[in-house]
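Undergrad: My structure is below; once you've seen it, I'll send some questions.
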Amino acid sequence: MAESRPATVKQPIQSSQQKAATGHPLTAIGSIPIVKPSVARQHLKILVYGYPGVGKTVFASTANDDPRTKPALFIDFEGGTLSIADKDIDVVRVTEFKQFNEIYEFLRTQNHYRTVILDSITEIQKLNMLGLMAEAVKLNPNKDPDRPLIDDWGKSTEQMRKLIRHFRDLPMHVIITALAQEVKDERDGSITVKPSLPGKLADEICGMLDIVGYLGVMERTVEGQRVSTRQLLVQPMSKFIAKDRSNKLGQFIENPTVPKLLDAIIPKTN
């Protein structure tokens, strides 16, 4: 009769307290790496919104002007790249929402681009809804393609949440632009300016990104001359939604560029 082998005893995983007692720094909990806040997020995750013509596209394209953020991939939905025609930046024009899967999978596994720009999330949501309604009409020819119902809005919102989270979590700099909208509070009549997205999504996207800035044009008189400057508001003020999780940008940045933000948040290293 063959000699039986003793059963293999699985060693218990040491607790964080047990490992810490050895004096060695902890590097993981099970298979999950432990990192410090300074290295947990080394990429800009930005939402810039504003009214048409204030320079959102130009601002985003400045990511291609700095070696820390270039090369950048510009994903165009608005067909508004004329303002950056002089830029040497790669552009892809998306015409169907499903094309995002290809772009995301490419960016998730590549090591070429350092920045991705989505211009604009307002138009992306409209593209998403158009696709959903087209599919709904195929299933029900009597459905009005211009009158989305509550279920349609709910499905579009969930798909947009997933899109924003997936792109936000890419290991690269992410810049998203949006149009601005004024929303009136029916209770007290107050007006809030926020990204132009339907329902709760306008507030949720602000919670998903590290920096939310309202880009506007300010006019002032200098030596008798009217001078216009662009300002990126990154702290809540009056009716404008804005935030800066880094707490390094102040209240606003005058004539903002991506390199300016990067210099303040993640200084250059020699």
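Quick note: the coordinates plus some simple rules give every number you see, no bench work behind them. This is a predicted model, so every value here is computed, not measured. As a convention, Cβ positions derive from the backbone with ideal geometry for all residues, glycine included, and neighbour counts pool all protein chains shown.
Undergrad: Once phi is turned into ³J(HN,Hα) by the Karplus curve 6.51 cos²θ - 1.76 cosθ + 1.60 with θ = phi - 60°, what whole-Hz value does each residue of segment 138-152 show in order, with x for glycine and proline?
TA: Each residue of segment 138-152 in turn: 4, 6, 9, x, 7, 6, 6, x, 9, 10, x, 9, 4, 4, 5 Hz.
Undergrad: When all C-alpha to C-alpha distances in segment 59-108 are sorted into bins of 5 Å, what percent of pairs does each bin hold, rounded to whole numbers?
TA: 4, 19, 28, 22, 18, 8, 1
Undergrad: Here's a follow-up. Amide H neighbours of ASP90 under 5 Å, at least 5 residues apart or on other chains, H built in the peptide plane: list them.
TA: Close amide H contacts, sequence-distant or interchain: ALA72, PHE74.
Undergrad: So, one more: Please go through segment 51-128 and write out the GluC sites (Glu not before Pro) that DSSP classes as loop and that have at most 13 other C-beta atoms within 10 Å.
TA: In loop regions of segment 51-128 (DSSP not H, G, I, E or B), the sparsely surrounded GluC sites (Glu not before Pro) are GLU96.
Undergrad: Follow-up question, since we're still on this one. 222 nm [θ] for the chain, helices only, -39500 (n - 2.57) per DSSP H run of 4+, per residue, to 500?
TA: About -8500 deg cm²/dmol.
Undergrad: Continuing with this model, one more query. Pairs of alpha-carbon atoms within less than 8 angstrom and 6+ residues apart define the contacts here; what relative contact order does the chain have, in percent?
TA: 21 percent
Undergrad: If the only charges are +1 at each Lys and Arg Cβ and -1 at each Asp and Glu Cβ, what is the size of the charge dipole of segment 112-157 around the Cα centre, to the nearest 20 debye?
TA: I would put it at about 120 debye.
Undergrad: Show me the three semi-axes of the equivalent ellipsoid for the chain, from the C-alpha gyration tensor (sqrt of 5 times each eigenvalue), largest first, rounded to whole Å.
TA: Sorted largest first and rounded, they come to 39, 29, 20 Å.
Undergrad: Given H placed 1.01 Å from N in the peptide plane, which residues other than close sequence neighbours of LYS194 have an amide H under 5 Å from its amide H?
TA: Close amide H contacts, sequence-distant or interchain: GLN181, VAL183.
Undergrad: So what is Rg over Rh here for segment 155-270, counting just Cα atoms and using Kirkwood for Rh?
TA: Result for segment 155-270 is an Rg/Rh of 1.02.
Undergrad: Residue-wise, which Karplus ³J(HN,Hα) couplings in Hz belong to segment 178-186, taking 6.51 cos²θ - 1.76 cosθ + 1.60, θ = phi - 60°, and x for glycine or proline?
TA: 8, 6, 9, 9, 9, 10, 9, 7, 5
Undergrad: Right, here's the next one. Among 199-210, 184-195, what's the highest-first ranking by average C-beta atoms within 10 angstrom per residue?
TA: 199-210, 184-195
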